[in-house]
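Reading through the structure tokens given below for one structure.
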Amino acid sequence: MNRRIAFYTLGCKVNQYETAKLAERFAELGFSVVPETERADVYVINSCTVTGIADRKSRNFARRAKKLNHGAVVAMIGCYAETSADELAHMPEIDVLLGSAGKDGLPALICERLGDSEENQETDGSVSVSYNGADTAAEGRTRSYLKIEDGCDRHCAYCVIPAARGPVRSRAYAAIMAEAAELIRRGCQEIILTGINAALYGDGGYDLIALTKEIANLPGEFRIRLSSLEPTVVNAGYARRLIGIDKLCPHLHLSLQSGSDDVLAAMGRRYSIEDYRKIIAVLRERDPLFGVTTDIIVGFPGETEADFERSVDAVRRIGFAHVHVFRYSKRPGTRAADMPGQIPEQVKKERSDRLMAAAAEAAREYREKCRGATRRALVLAAAKNGALRAVTDNGIEVEIPGGGSLINTMVDITL
Ligand code: SF4
């Protein structure tokens, strides 16, 4: 019986990877994977709980799914389900609740719920979606996430991720190498290494740098991008070792969170703004147009106007290609939730607007600095207007003229 399944995924690249894996598994079990706006027999919400807004979006989608098909099975999985199971157990729209560690078991649970046994599904029976499974992305996908690590043990004061994702777990080195080789064999041109705190990766004597070097040594025309790194682990020396790796894109997401040392200390971030600047200096020494994006929280408890101005100043000086601005969101069970000096929502909004304006100006200046430079770009897909979408090595998304035959190829473009 051909069942229709839809995925609604929130949050980080690790969630995106896990959804892709689950979608592959259900497809092998004979399900048709359809967009989440369509009527389906099963809806899977791969949730996020980094902010209250993410929680709300997950709940809203559960209600929307039941409106699309009242008889559908709605599964809430992942971080929000992990940290708020009691609350979600009372939502009538949710039929299956599965935390972060249990995602692998979803296919069996859904088949049981549908009264179909997993074994009886029409399938080629080749692979399973086990965490260490070596199977990979659909053929010919131009770029693909490759999950290498899960969990975090840093416990920054505002962050619920350690509670949602648990302690640090690194995938087996051999499984990652097998998956990388398979991605390359299938024509993937860009492998994006991702993890909750990827720099904490460690297996069989391989840390993130050693692992990345080994992947880079694999034969084939491809490049590697690191999805994000935490300055709670990475310092200038680490960055110097990292940027020497061949095939590694000169582009990094490095979460700053605040430009004020007092706020960084209150957050438990283990670095100063000066430490952060030193990392950027090492990256720009290698490539003056090295692309850096970041996250900054405004309105952290106790943040003064002067502290906030230091975040604005950091954005103006560091030359970020993009800044994700977050208003501090109180997360149950985190240290910051009980801190004095909680900032009123109106002040958070006002600071968020000001920082976004500074960030837009910084992004415009960075693009201006890149004007006239020739960069290696991967052609991703056709754009709606008939042009082609591409992404440069330093992370700039562009549209270029050209035919479909260029898709999934590397081209030199002048910005
Ligand atoms: S390093 Fe801090 S902010 Fe990042 S996931 Fe870990 S606890 Fe959260």
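The values are calculated or read from the model by the stated rules, or taken from the named source; none is laboratory data. Owing to the predicted nature of the structure, the values given are computational and were not obtained by experimental measurement. We place every Cβ from the backbone using ideal geometry, glycine too, and count neighbours over all the protein chains shown. The accessibility values were calculated without ligands, DNA or RNA, using every heavy atom of the protein model including side chains. Shrake-Rupley method; radii C 1.70, N 1.55, O 1.52, S 1.80 Å.
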Can you tell me how many residues within region 141-179 are more than 18 Å from the chain's Cα centre (by Cα), of a type in the set (A, V, I, L, M, F, W, C) and farther than 30 Å from Ala337 by Cβ? 5
Only one of (1) open to solvent by 40 Å² or more (accessible area, probe 1.4 Å); (2) within 14 Å of Cys249 (Cβ to Cβ) is not met by Gly395, so which one is it? (1)
I'd like to check something: does region 157-167 contain any residue that is part of a loop (DSSP other than H, G, I, E, B), within 16 Å of the ligand (Cβ to nearest atom), of a type in the set (Gly, Ala, Ser) and touching a Gly at 6+ places or on another chain (Cβ under 9 Å)? yes
Just to be sure I understand, how many residues within region 370-392 are open to solvent by less than 40 Å² (accessible area, probe 1.4 Å) and either basic (Lys, Arg) or out of contact with any Gly (no Cβ under 6 Å at 6 or more places or on another chain) (or both)? 13
Before we move on, is Leu229 open to solvent by less than 10 Å² (accessible area, probe 1.4 Å), in the same structural domain as Ala358 (by TED's automatic domain parsing) and within 14 Å of the ligand (Cβ to nearest atom)? no
Matching strands (runs of 3 or more DSSP E) fully within region 245-355 where at least 2 residues are modelled with pLDDT of 95 or more and hydroxyl-bearing (Ser, Thr, Tyr): 291-298
Tally the residues that are assigned to a loop (DSSP other than H, G, I, E, B) and either open to solvent by 30 Å² or more (accessible area, probe 1.4 Å) or closer than 19 Å to Arg154 by Cβ (or both), restricting the search to region 235-244. 2
Asp150 - would you say it is open to solvent by 40 Å² or more (accessible area, probe 1.4 Å) and modelled with pLDDT of 95 or more? no
